[in-house]
Amino acid sequence: MPLEGEYEPSPAQWVREQVELYEGSGGTRGTTLRDTGLPVVIVTMRGAKSGSIRKIPLMRVEHDGRYAAVASKGGFPSHPDWYFNLKADPQVELQDGPERRSMTARELTGDERARWWRRAVAAYPPYAEYQEKADRVIPVFVLEPEHPGGSAKDTAPTGN
Ligand code: F42
């Protein structure tokens, strides 16, 4: 179900502008991180305190129609604000290029986190450096379609 409410753009200019370009072009422009050329997605969520609609770009880490959301904040010592938003209300919308889907966010632990962490570092190698300097365990969420297409293989203990 689409999230409804008043959109409150990020106070960070580069974040706000990337969201505007990405969404305003229907997911055809602003789809990579600056000069890295690596793809990003846009995640829409509800603010835990404000109740407003919040939007953030994140690196695109996709596997079997599911996506990781890595709360790295560039290796900053504290979690990004959006971490608390997803914990308070896991219903999100994810835009990957022109496609937009409702998803549910779930914070990962143990082996499942380790698997997705490897995928995240493969997609965006600087995450490994961010973890080294962060002085906290960087949280990893999986964003799953609200109505999964039936692929449950990653939940098997032997999944890669
Ligand atoms: N950040 C990541 O953590 N991981 C990534 O993979 C990532 C990739 C990426 C790619 C492109 C790009 O342009 C940015 C990218 N970022 C990535 C940065 C990311 O988009 C976020 O800006 C960053 O993680 C910081 O997130 P933040 O939620 O701390 O955002 C700040 C700037 C912000 O908007 N703060 C707001 C403010 O007013 O200060 C508050 C936002 C908010 O959600 N408030 C909640 C509310 O209720 O509205 C309350 C939150 C609470 O504490 O309960």
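Descriptive notes on the structure:
- Considering only residues in segment 3-22 that are open to solvent by 90 Å² or more (accessible area, probe 1.4 Å) and not aromatic (Phe, Trp, Tyr), the one that is farthest from the ligand (Cβ to nearest atom) turns out to be 4.
- In summary, strands (runs of 3 or more DSSP E) completely within segment 56-115 and bearing 3 or more residues that are open to solvent by 40 Å² or more (accessible area, probe 1.4 Å) and more than 21 Å from residue 32 (Cα to Cα) occur at 99-107.
- Among (1) more than 10 Å from the ligand (Cβ to nearest atom); (2) among the charged types (D, E, K, R); (3) under 20 Å from residue 31 (Cβ atoms) - the single one residue 107 does not satisfy: (3)
- Of the criteria (1) touching a strand residue (DSSP E or B) at 6+ places or on another chain (Cβ under 6 Å); (2) open to solvent by 30 Å² or more (accessible area, probe 1.4 Å); (3) more than 20 Å from residue 123 (Cβ to Cβ), which one residue 39 fails: (3)
- Flag for residue 78 being near the ligand (Cβ under 6 Å from one of its atoms) and modelled with pLDDT of 95 or more: no
- Look at (1) within 16 Å of residue 124 (Cβ to Cβ); (2) in contact with a Lys or Arg (Cβ under 9 Å, 6 or more places away or on another chain) and you find that residue 60 fails only one, number (2).
- Selected residue [surrounded by fewer than 16 Cβ atoms within 10 Å (Cβ to Cβ) and within 13 Å of the ligand (Cβ to nearest atom)] from 46, 34: 34
The values are calculated or read from the model by the stated rules, or taken from the named source; none is laboratory data. Small disclaimer: the values here were computed from a predicted structure and weren't measured. Positions of Cβ are generated from backbone atoms using ideal geometry, with glycine treated the same way; all protein chains shown enter the neighbour counts. In case anyone asks, the SASA skips ligands and DNA or RNA and just uses the protein heavy atoms, side chains included. Shrake-Rupley method; radii C 1.70, N 1.55, O 1.52, S 1.80 Å.
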